[in-house]
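Participant: Sharing a structure with you now.
The values are calculated or read from the model by the stated rules, or taken from the named source; none is laboratory data. Model, not experiment: these values are computed from the prediction. Here Cβ is always computed from backbone atoms with ideal geometry, including for glycine, and neighbour counts include all displayed protein chains. Areas reflect the complete protein model, heavy atoms only, side chains present, ligands, DNA and RNA absent. Shrake-Rupley method; radii C 1.70, N 1.55, O 1.52, S 1.80 Å.
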Amino acid sequence: MREFCAKWWKRIATVDMAFIAVLTLILSFIGSWLKQFPGFSLFGALIIALILGMIIQFPIRGLYVGSNAGRASGVKDAAGLISNKLLRLGIILLGFKLNLQVLFTQGIKCLPIAAVVVTLTIVVTYLIARAFKVNPMLAILTAGGTGICGAAAVMGLSGSITVDEDRQEEKEDDVVMAVATVAIMGTIFALLEIAIFPFFGLTPAQQGVAAGATLHEIAHAVAVGGAFGDEALNMATIMKLSRVLMLVFAAIIIAVWWDKTQSTATNIGKRKVAFPWFMLGFIAASILGTYVPFLSAISATLVDIAYIVLGMAMAALGINVNFKAIAAKGLPAFAASFIASVLLMFFGVGIAVLFF
């Protein structure tokens, strides 16, 4: 135990860790501030933090790291640790956003639909991506982000995927590429649905359900639902949160699937599946936030903290991103997500018409 604590203290108590922690916190706050403005609101705080992290890596290299190899290694390690550990903490705290009582009453009809939508979207997007020669890790992360809840889903599912140390950088690049893909795609389709839904003859409730069933980020669903009135906004939110709940099941299933079919671990003997334990924390937070009066009263504050923590993780990812790797393999993943998003939009409209 003492050795374990000493090892982690040596890794955490460094100037580089303090520098990157403060910097990512500032970037996260900036992202939260910018999201209130028109245009930025469609991207959301997490995507803004990621972009800011990608931009800030250049002055970090030029002004802070320079030719100091030790400092370069320290920055990379600090950013990697923040993106990895704060990701899990943020996802747990995000559970306070899920009001289970609302989902199991008003949203009871949405839950089975969400399960079908998420399952089909992940499977179809993954198969399209693989047909386009996208590597399995990027394919499943893009599929999860498209099918569940955008950036938060990509980050949550990444915790279910274990890779050898020499592939950790590749994994981080794939996470960034998947986040960027679903962010851009979600924004495109949010604007598209606002423009074309009025021509479909849908009721406000159907417009909300279709938006919640098809759009990638919560911010996208809320923006489109709000454009069609309060009833549409309410249904979009409930439908979208029903899909968010599916993140728990998807993370567990993908953890098992990845371990059985894609893992490249080299250790001998029986291996344990990298179970995403933090998703149990997500569920626990949902239960506590729904049924414990004290926590329910401050759940909005806890969700705000979740987004700050996740924003730090996203900014840290941006600091370590490899632009050459993303440019080399990004287009096929983008194309797969686009095709899947088109299919998802029409499928969502069909579900809204049939069941609502």
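Participant: Using a 1.4 Å probe and counting only protein heavy atoms, arrange Glu170, Glu165, Glu231 so the residue with the most accessible area comes first.
Facilitator: Largest accessible area first, the residues go Glu165, Glu231, Glu170.
Participant: What is the magnitude of the charge dipole of region 54-179 about its Cα centre, with +1 placed on the Cβ of each Lys and Arg, -1 on the Cβ of each Asp and Glu, and no other charges, expressed in debye to the nearest 20?
Facilitator: Computed charge dipole of region 54-179: roughly 360 debye.
Participant: Taking just the C-alpha trace of region 1-140, give me its Rg and Dmax in Å.
Facilitator: 20.2, 59
Participant: Which aspartates and glutamates does Lys240 reach when only Cα atoms under 17 Å apart count, and residues fewer than 8 places away in its own chain are ignored?
Facilitator: Leaving aside aspartates and glutamates fewer than 8 places away in the same chain, those within reach of Lys240 are Glu193, Glu217, Asp230, Glu231.
Participant: Follow-up. Over region 60-101, what percent of the accessible surface lies on carbon and sulfur atoms, probe 1.4 Å? Numbers along the way, then the final one.
Facilitator: Details: 1070 of 1930 Å².
Ligands and nucleic acids excluded, carbon and sulfur give 55 percent.
Participant: Which Cα, out of Val15, Gly70, Asn84, lies furthest along the positive dipole direction of region 1-158 (beta carbon charges, K/R +1, D/E -1)?
Facilitator: Selected residue: Gly70.
Participant: Could you give the Stokes-Einstein D for region 161-272 in µm² per second, using the C-alpha Kirkwood radius, 37 °C, 0.692 mPa s?
Facilitator: Result for D is 203 µm²/s.
Participant: Calculate, for Glu231 and Leu280, the FRET efficiency according to 1/(1 + (r/R0)^6) with r their C-beta to C-beta distance and R0 22 Å; round to the nearest 0.05.
Facilitator: 0.05
Participant: So if R0 is 51 Å, what FRET efficiency would Asn322 and Thr119 give, r being the distance between their Cβ atoms, rounded to the nearest 0.05?
Facilitator: 0.95
Participant: Taking the Cα centre of the chain as origin, sum charge times position over the Cβ atoms of Lys and Arg (+1) and Asp and Glu (-1), and report the length of that vector in debye to the nearest 20.
Facilitator: So the dipole magnitude of the chain works out to roughly 700 debye.
Participant: Taking the Cβ-Cβ separation of Arg167 and Thr203 as r and a Förster radius of 41 Å, what is the calculated FRET efficiency to the nearest 0.05?
Facilitator: 0.25
Participant: Per DSSP H run of n ≥ 4, the term is -39500 (n - 2.57); total these for the chain, divide by its residue number, and report the mean residue ellipticity at 222 nm rounded to 500 deg cm²/dmol.
Facilitator: One gets -26500 deg cm²/dmol as the mean residue ellipticity at 222 nm.
Participant: Can you give me the solvent accessible area of Arg71 with a 1.4 Å probe, rounded to the nearest 10 Å²?
Facilitator: Ignoring ligands and nucleic acids, Arg71 comes out at about 90 Å².
Participant: Could you state the accessible area per residue of the chain in Å², with a 1.4 Å probe and every protein chain left in place?
Facilitator: 45
Participant: Something else now. Rounded to the nearest percent, how much of the accessible area of region 181-323 (1.4 Å probe, protein heavy atoms only) is carbon and sulfur?
Facilitator: That fraction is 70 percent.
Participant: Please give the contour-minus-distance gain from Phe58 to Val22: 0.36 nm per residue of separation, less the Cα-Cα distance, rounded to one decimal in nm.
Facilitator: Values: separation 36, 0.36 × 36 = 12.96 nm, distance 1.70 nm.
Contour length minus Cα-Cα distance gives 11.3 nm.
Participant: Spin-label point model (7 Å from Cα, Cβ direction): what's the Asp304 to Gln36 distance in nm?
Facilitator: 1.0
Participant: Work out, step by step, the length gained on full extension between Ser67 and Ala297: first 0.36 nm times the residue separation, then minus their alpha carbon distance; give nm to one decimal.
Facilitator: 77.8 nm
Participant: So if I average 1/r over every pair of distinct C-alpha atoms in region 79-214 and take the inverse, what Kirkwood radius in Å does that give?
Facilitator: The Cα-based Kirkwood calculation yields 16.5 Å.
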